[in-house]
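Heads up, the thing below is written out as structure tokens.
The values are calculated or read from the model by the stated rules, or taken from the named source; none is laboratory data. Predicted model only: the values in this text are computed from it and were never measured. Methodologically, a virtual Cβ is constructed for each residue, glycine included, from the backbone with ideal geometry; neighbour enumeration extends over all protein chains shown. Just the protein is used for accessible areas: all its heavy atoms, side chains included, with ligands, DNA and RNA removed. Shrake-Rupley method; radii C 1.70, N 1.55, O 1.52, S 1.80 Å.
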Amino acid sequence: MFIKFHSDSRYTRRGFQAQWSTSQGCYQNLTGNQGTLQSPNYPNNYYFGADCVWKITTDPGTRVRLTFSAMSIYSVSGCTSDSVVILDGNNSINVLGRVCGYEIPAPFIATGNVMTVQFSSRTIYTRQGFQAQWSTNQGCGQALTGNSGTLQSPNYPGNYPNNTQCVWTITTDPGTRVILTFTSFSVQSSYSCQNDFLQIRDGGNQFATSRGKLCGRQLSPISTRGNVVFLFFRTDNNITASGFQLRWSTNGGCNQNLTGGSGSFQSPNYPLNYPNNQRCVWKITAAPGMQVTLSFSYFSLESASNCVYDYVRVRDGNNQAANVLRTVCGSTRPSPITTSGNTMYVEFKTDSSVTRRGFRAQWAAYSVPSTTPRTSGGCNQNLTGGSGSFQSPNYPLNYPNNQRCVWKITAAPGMQVTLSFSYFSLEPASNCVYDYVRTTHSISGTSGRSSRLIAAAVVVVVVVVVVVVVVVLLFVIIVEAGFIVMTATAAAVVVVIASAAVFVAAAVAAAVAAAEEE
């Protein structure tokens, strides 16, 4: 990636501070009978222009199942802009589905052990993206971890088989509770559920307290008392049904003390709707001398004037008496919020009526900007490694006029470079004609050098040809007109024209060379 910073002789601003990092490229061959894939930069917004392909291959004789646990992709009719396309095998003709928007789709099942997943972003309106898990459509039972996910009965949405026993354990973060929400449930009904059933226990084994033995049709959510749940699914030797699919989430660690350099949290039940009459507090503490910045990758709360119903309130300190930085609600994602010191107090409160999906937030600690200007040293750098940062000259003070800086970032082969700005303030103008930051990229060290040099050579050749034609025509005209006595004058004119042509060609070549330097 190449980054160029330019300022003119007019107004200046504070400039910018940027961070860069590398990530595994999103063209991957994934193997194994289970795993996870996600959009670039997840859980932060994916970038404009993303174009990713994952090929999933499981064991021979199995069928690939893809289940989405999170979905937030900019949506237009027909998903013709940003989308995830699921293909059966390697064939781009056999499309299992095309998805976008915010609703989690039903699982996709391939006809064999190969599935291809394509993700593309064609607009600037990026979103959080997606996360999905692949597994095989054989067998059942797993030890599952994480604060959200999905699981289903064997062969779902087809009928489950007879004489089956499956055991799942789900473990979420310490201090949380597991919430099970059924999106579908159809199990053979019987007295006391003695034939086919799903047994849920509030712990990690078959001896833990039972939270219910389910059969028939069941859609009511179930909440545990701890962060581990045990599920046992058993079928007998006759009647089957479509089975079940459920999502698990947590109460979000609704009251937490968060420390370190960065982290994330979300409203209770996210990505499902948060409950009524809820109050959650997150206290964030960074190292001394740092500031805390809070940003939201998803935000949807009940809207009201002055946010009198449901809201998130952010305070500049570590308690409820600290100054309020902002109170937010509604469906518009708030801009980042930054404290003056190293602590932040975040309160989430809901009333007794309408609920929404809630929010997911990320926080990060940054050093407090020094008031001492930084020198422009490092204004032209070759940056390597896995991550780093740079800034405009003099940041956080105004950058100087007539400045030109170039940073070249080189990652390891097969890696991608992501550039983000923690602060940005340049002189505004239509098409950025005054001060600007321009980024370009190249693959495997190549760039547009060859094409530019070829273009310059073509221009020079064309100019020379034109000069020759003009010279010939001029002499023909002179001879035909009988002005032989003016041959010396004509020659002088030709010399002037040829000199001008050479000057133009040289100017064009210099311009191309200058562009190459940029």
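A few comments on the model shown:
- On the basis of the beta-carbon distance and an R0 of 45 Å, Thr332 and Arg234 show a calculated FRET efficiency of 0.40.
- FRET efficiency estimate (nearest 0.05) - Cβ-Cβ, Val281 to Lys408, R0 60 angstrom: 0.85
- Accessible surface of the stretch 1-101, 1.4 Å probe, proportion on carbon and sulfur as whole %: 46 percent
- Protein heavy-atom surface of the stretch 268-340, 1.4 angstrom probe: 43% of the accessible area is carbon and sulfur, with nucleic acids and ligands not counted.
- Couplings 3J(HN,Hα) of the stretch 200-211, computed from phi: 10, 10, 8, x, x, 8, 6, 9, 5, 4, 6, 9 Hz, in residue order, whole Hz [Karplus 6.51 cos²θ - 1.76 cosθ + 1.60, θ = phi - 60°; x for Gly and Pro].
- FRET efficiency, 1/(1 + (r/R0)^6) with R0 30 Å, evaluated for Ser430 and Thr384 via beta carbons: 0.25
- Accessible surface computed residue by residue for the stretch 1-77, with neighbouring protein chains in place and a 1.4 Å probe, gives 44 Å² per residue.
- Under 20 Å from Lys213, Cα to Cα: aspartates and glutamates that are on another chain or at least 8 residues apart: Asp196, Asp202, Asp236
- Counting only protein heavy atoms and a 1.4 Å probe, the stretch 210-348 has 43 square angstrom of accessible area per residue.
- Additional length obtainable on full extension of the chain from Ala322 to Val354, 0.36 nm per residue less Cα span: 8.7 nm
- Think of each Lys and Arg Cβ as +1 and each Asp and Glu Cβ as -1; about the Cα centre, that makes the dipole of the stretch 1-158 roughly 480 debye.
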